[in-house]
1. Give Ala197, Ala175 a once-over and let me know the one that is among the small types (Gly, Ala, Ser) and within 25 Å of the chain's Cα centre (by Cα).
2. What are the residue pairs meeting all of these: first residue in the stretch 17-30, first residue in the same structural domain as Lys259 (by TED's automatic domain parsing), second residue assigned to a helix (DSSP H, G or I) and not hydroxyl-bearing (Ser, Thr, Tyr), Cβ atoms under 7 Å, and 6 or more apart or on different chains?
3. Take residues that are of a type in the set (A, V, I, L, M, F, W, C) and tell me which of the helices (runs of 4 or more DSSP H) falling wholly in the stretch 101-193 contain 3 or more.
4. Does Ala399 meet the test of being aliphatic (A, V, I, L, M) and either at pLDDT below 95 or in a loop (DSSP other than H, G, I, E, B) (or both)?
5. Can you find a residue that is in a loop (DSSP other than H, G, I, E, B) and not charged (D, E, K, R) anywhere in the stretch 425-438?
6. Residues of the stretch 82-95 being part of a helix (DSSP H, G or I), free of Cβ contacts under 8 Å to residues at least 60 places away in the same chain and either surrounded by 20 or more Cβ atoms within 10 Å (Cβ to Cβ) or among the small types (Gly, Ala, Ser) (or both), which ones?
7. Give the residue that is surrounded by the most Cβ atoms within 10 Å (Cβ to Cβ), with candidates limited to residues of the stretch 315-370 that are in contact with a Gly (Cβ under 6 Å, 6 or more places away or on another chain) and under 19 Å from Val406 (Cα atoms).
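The values are calculated or read from the model by the stated rules, or taken from the named source; none is laboratory data. Bear in mind the structure is a predicted one, so any value in this text is a computation, not a measurement. Cβ atoms come from the backbone with ideal geometry, glycine included; neighbour counts cover every protein chain shown.
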Amino acid sequence: MIVTEDYDSRSSESQINPQGKGLLRREHANMLSCVRCGLCLTSCPTYVLSGHEAESPRGRVAMARALVEDKARLTPDLIEHEQNCLVCDACTAVCPAGVDMDPIQVALRSAVEPHLRDRRSRRERALRWLAFRKIFADMRFFRLLVRALRLYQSSGLQWMARRSGMLRLLGLAEAEALLPPDLPDGFVIPQGQRYPAGERSRGRAVSLFVGCITSTALAGIDWSTIRVCRRAGWTVSATGGQGCCGALNAHGGDLEGMKAMAKRNIEAFEKEGGVPVVVNSAGCGAMLKHYGYHFRDDPEWAERAQAFSARVRDLVEIVRPQDLRFYRPLELVVTYQDPCHLAHAQKIRREPRELLRAIPGLELREMGESDLCCGSAGVYNLTNPKQARQLRQRKLENASLTGADVLVTANPGCYIQLQAKNGGMRVKHIVELLDEATAPDDAQEKVRA
């Protein structure tokens with residue numbers, strides 16, 4: 001860790017305030033579990049890229065521990081190394097001592113946020129407020145944004161902006177390239193709709209967590225999820241009152257904003273009783289399953305949050321190959337990339353592969369480093385474009401070596417990251433392939449509200 005000369009250790013500007021220190025103290029025992037064995041090093045994307053100790057999980061835990069023990073102070077380089085973390089949980093998955101990196105990073109980022117806020121320009125502060133407290137916090141604004149982006153695509157403005165070089169001049173070319181092509185004109189707006197199970201009905205029901213991206217910009221994924229669940233014998237409800245899971249807020253230093261979103265979701269899904277809550281986004285699923293942890297010290301919400309988290313299931317946990325009737329062979333060679341928050345945070349690796357191998361005609365080829373982060377990590381590809389670009393290129397090169405036609409994922413963030421500048425390889429969410437392979441020949445059962 002480098003301590004810069006222009007920071008005074010006694011200055012309040014280089015210290016975490018008491019509230020932030022309290023957040024870090026709650027994770028002190030977690031930090032103390034680290035025995036510095038180094039087994040995490042080769043699993044960490046930023047360490048793999050840089051070889052720098054401060055860019056490793058071991059280094060980040062040591063710096064966070066030094067802060068809470070008053071052995072270090074906030075410096076620009078410390079903050080940079082901590083915020084370079086993708087919070088992918090790869091280190092957590094391999095740690096023999098049980099260190100959990102996600103809550104350490106959530107606490108740390110919320111603790112340093114007041115320190116960073118004063119150093120941001122008015123424009124940066126306004127953009128953070130708009131993103132975290134309006135767009136992510138209220139799906140009406142999120143849907144409005146996606147409609148505006150669809151107009152940008154369909155009106156010819158996108159073509160003009162790309163051809164004129166204006167995006168490059170404004171420094172927006174790389175971020176704009178992440179925009180999914182052909183944004184839909186219809187969204188999944190949860191208002192309590194119920195979609196009855198298909199011919200294999202077993203009297204089972206699930207509530208669908210529609211997500212912010214998968215209900216709007218990638219709404220086709222939600223529609224595919226509804227159809228596949230129905231064909232697997234589940235009655236699906238689109239629970240009203242739900243919103244964004246809050247993961248982006250939590251990892252962006254807005255823990256209070258995340259908790260407000262979590263309370264709204266818990267209240268909304270409590271109306272459905274104890275039925276499973278199905279998720280098609282690995283990142284959302286990991287956060288929803290962590291609600292219980294984040295409210296563990298809140299006497300009013302701890303039990304409710306834990307009960308909700310216990311109900312959350314990824315799509316591949318509730319849909320099994322034997323539940324589906326496959327009508328159409330898919331003559332495809334595919335490779336599967338493990339989303340970090342499915343493989344590491346939720347420890348789900350086998351189920352998606354079993355589903356893919358069950359599709360007639362489909363050949364699954366394993367890729368190298370399938371569980372190394374692709375660089376999406378929420379909005380990491382916007383805040384850390386250099387590292388995100390390097391990780392995407394590494395992922396795409398590994399996928400290309402398999403000779404696959406399609407790169408399959410189970411997370412919308414990975415989907416968006418990998419479909420941009422990918423050299424022509426098709427990218428699909430696993431549920432899209434399951435939807436295609438299980439569609440009845442008469443195609444009469446399409447669900448679209």
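1. Residue meeting the stated conditions: Ala175.
2. none
3. Because the criterion is at least 3 residues that are of a type in the set (A, V, I, L, M, F, W, C), the helices (runs of 4 or more DSSP H) in the stretch 101-193 that meet it are 101-117, 122-130, 139-154, 157-164, 166-169.
4. On the way: aliphatic (A, V, I, L, M): yes; either at pLDDT below 95 or in a loop (DSSP other than H, G, I, E, B) (or both): no.
Taking the combined requirement at face value, the residue does not satisfy it.
5. yes
6. Glu82, Cys91 - these are the residues of the stretch 82-95 that are part of a helix (DSSP H, G or I), free of Cβ contacts under 8 Å to residues at least 60 places away in the same chain and either surrounded by 20 or more Cβ atoms within 10 Å (Cβ to Cβ) or among the small types (Gly, Ala, Ser) (or both).
7. Leu330
For every residue, the table says whether it meets (1) assigned by TED's automatic domain parsing to the domain that holds Met425; (2) part of a helix (DSSP H, G or I); (3) of a type in the set (D, E, K, R).
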| residue | (1), (2), (3) |
| --- | --- |
| Asp297 | no, no, yes |
| Arg357 | yes, yes, yes |
| Cys374 | yes, no, no |
| Gln387 | yes, yes, no |
